Every structure is written in C-alpha cells, then in structure tokens.
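The values are calculated or read from the model by the stated rules, or taken from the named source; none is laboratory data. Owing to the predicted nature of the structure, the values given are computational and were not obtained by experimental measurement. Note that we place each Cβ from the backbone using ideal geometry, even for glycine, and neighbour counts take in every protein chain shown.
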Amino acid sequence: MAGADARENMSPEERAAWVGFSMVKGVGPARFRRLLEVFGHAAAAWRASERALRDAGLPEAVAREVARTRARVNPAALLEGWLAQGIQVLTWEDDAYPERLRPLAQAPPVLYVRGALTPQDAWAAAVVGTRKMTGYGRRVATEVAAYLARRGVTVVSGLARGIDGVAHRAALKAGGRTLAVLAHGVDLVYPPEHRALAAAIVQRGALLSEFPPGTRPEAPFFPRRNRLISGLARAVVVVEAGERSGALITATFAAEQGREVFAVPGSIYAANSQGTLWLLQQGAQVLRKPEDLDPVFDMPRLPFQQEARVTLPTDPTERLLWQYLQGEPQHVDELCAATGLPAAQVNALLTLMELKGLVHQVGPMTFVAASAGRG
C-alpha cells in the first residue's frame, strides 16, 4: 500500500477518542493498551467515569487528568481541523502506521504526520549527532546520508541543528526521502531557521510526532522522540557526539530495539568524538565508509524488495506471521502449529515476506522478523 491511506473501519468517534487520550499526560502506550483491554474501544474509555477509569488501573491523578482533558477539549473538532490542514492522524489500527514502530512496546498509539509515508520507508537509517558539529562531522554526515538516499534508503533524523539538519539536506539534495521526528507538534518548526527545510521534507518525506499539533517543544520531549527516530530505522549512525549528546540516547534505544548501531570514529582528543568512541567501546560497529551499511539493507536486492513491497501489499495473514516472528526464530512447523495455517500457505507467505524484506531465513525452514534480526 502506498501513501498514508488509513483503514476505513475506525469510526470518527473512535478516532477522536484516540486523539483525546494522546493529549492526556500520564496515558502512554502501556496504559492505553490496558484501557482498550478493559473497555474494548477507546471511545468507551473516553466516556468512562473517573471511578471506572481508576477501576481499569489508572492512578487517581491520571484518571482526574482524563476528566479534565475531556472537559476542556473537543477531539472530534480538533481532528477535523487538523485534517483540513493536511495533518494525518495515524493510530496502531491504521495500515499506514509505520510497520517498524508497530511491534515496539513503546510505540505511540497516535502519530501525527505532515507529508507522506510510503512503503519505501520500511528501509530507513537514522543519521544523528551533535548540534555543535565540526567540518569533519558535516562531511561524514553529508556523505552517509547522500549515499543512503541515492540507493533508496530513507534517512531519518530529528530536524535539530548540526548533524540532523545536514543529514536531511543531503538526503533531499541526493533526490531521496527523509523523515524528521519532532519533539513538538508537526504544525510547528524548531529551530525556526529550519522552516524552509521542514517545508522541503514535507514535499519529499514527512514530519512525524507523537505530540498533538500545537504542542510546544519542552526539554523532556526530546529524549522521548529519540526512541521513535531509532524505532523507524534499521540502523542508527552516530556521526559525532559528545559525552552527554542526545544522540547517545538514540543509540541506546536502538540497541534495546534490536537495531544496528554504527559509530563514526574520531580523534581521541576531540570533545565531539568522546560519545562515538564510547559507543565503539560498548560494542557499536565502526563506520569507516558508507558502504559499511550495505549488509544491513542487502543493497543488491533492495530495489527488488522495495518493488515487491509496493506490488504485494501486506495482508492480515502476513501480519499474523510477522507478529509470531518478532521474538525468537521460528521453524515453519512451529508457525503452522501456532497459527493453524497449512504448511503450503505458510511457506508461500514466508517466500513473499522474505522478498519484501519483512523476514529473514536464519536456518533450514527457520525464520525471524526483520525487526527482530539484523534488519
């Protein structure tokens, strides 16, 4: 499926309720899942009394915050206005929700998007680093992002000053796609000098945020958004980073999410190299040249995989198999037993899913999801 066309089976009231809960401080992915389990639908939870919300497991303060938010906002009206502004609202239930984020425990229930997400974005690399870059960092970030973009890999970063901005611009200049994950609403641009860059990204990629439009940037939001930068990517490249750089937070999330982490070596005397040298010490892969990323994306087969992703849309049965393969590798016989599907159907689907880059074969008739393995 191309573009960001969402499923049609969510009612306007239900989608508005998802939006409403995205505006409540204290309701994250885990608590929202619990509400869905208890009430069945977000709309029912949104209408529930404070007592019912407490009985469902919300702390008293959070249940009170739900009631306060419900009294002061009209999510249906907000949703209508945002859609009129070209802002897409994607939930876990929408086909266009990024498939690499969906299985993560901390995937936000709602994503706000300006621009367009495409099947190609399943092959993405994050290029991140310090705001106070050197000429060396600029050159490396430019070369890496351009190399990836020219080969059909989407470049993900955070629209910050320094390495982030360089990576976005290099991807665009190379004719590729780039995604910017924001620590504020997608209707705002921070830093303000990146307004033209943000507009260009909307035309050839997307701005994404878990924060509703109108949300101003706050210091705690930046580390939160870093888990989405890494979550969208198959690999994270840290170009330059000081000892306290936010890029190290992104790399930590990447390791937890099973993504590949690469660090660019630098001088042992340079402040901007201390973070990347530490990552190398912790086991990150050294990036000596852009081609070091080729195995992560299976570059020779990448165009064929991307074409297959467009022409062979994921169906519910594929998604079922993919979910079973998120943990340890599974043998075909185990998948048949777990899903109740016949072996012939499972084998046929796995062949298509491997071509599309969704799964990897790691042994005789044994597979694992791309997000759980090296991809």
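Of note:
- For the range 106-123, the criterion of a residue being in a helix (DSSP H, G or I) and at pLDDT 95 or above is satisfied by no position.
- Residue that is modelled with the lowest pLDDT [pool: residues in the range 311-337 that are surrounded by 13 or more Cβ atoms within 10 Å (Cβ to Cβ) and of a type in the set (A, V, I, L, M, F, W, C)]: Leu312
- Residue within the range 35-45 that is within 15 Å of the chain's Cα centre (by Cα) and modelled with pLDDT of 95 or more present: no
- Filtering Glu80, Glu93 for residues that are modelled with pLDDT under 95, more than 30 Å from Ala369 (Cβ to Cβ) and outside the structural domain of Ser245 (by TED's automatic domain parsing) leaves a single hit, Glu80.
- Restricting the range 4-59 to residues that are aromatic (Phe, Trp, Tyr) and without any contact (Cβ under 8 Å) to a residue 60 or more places away in the chain, the residue that is farthest from Leu208 (Cα to Cα): Phe39
- Of residues in the range 124-157 being in a loop (DSSP other than H, G, I, E, B) and not hydroxyl-bearing (Ser, Thr, Tyr), the one surrounded by the most Cβ atoms within 10 Å (Cβ to Cβ): Gly129
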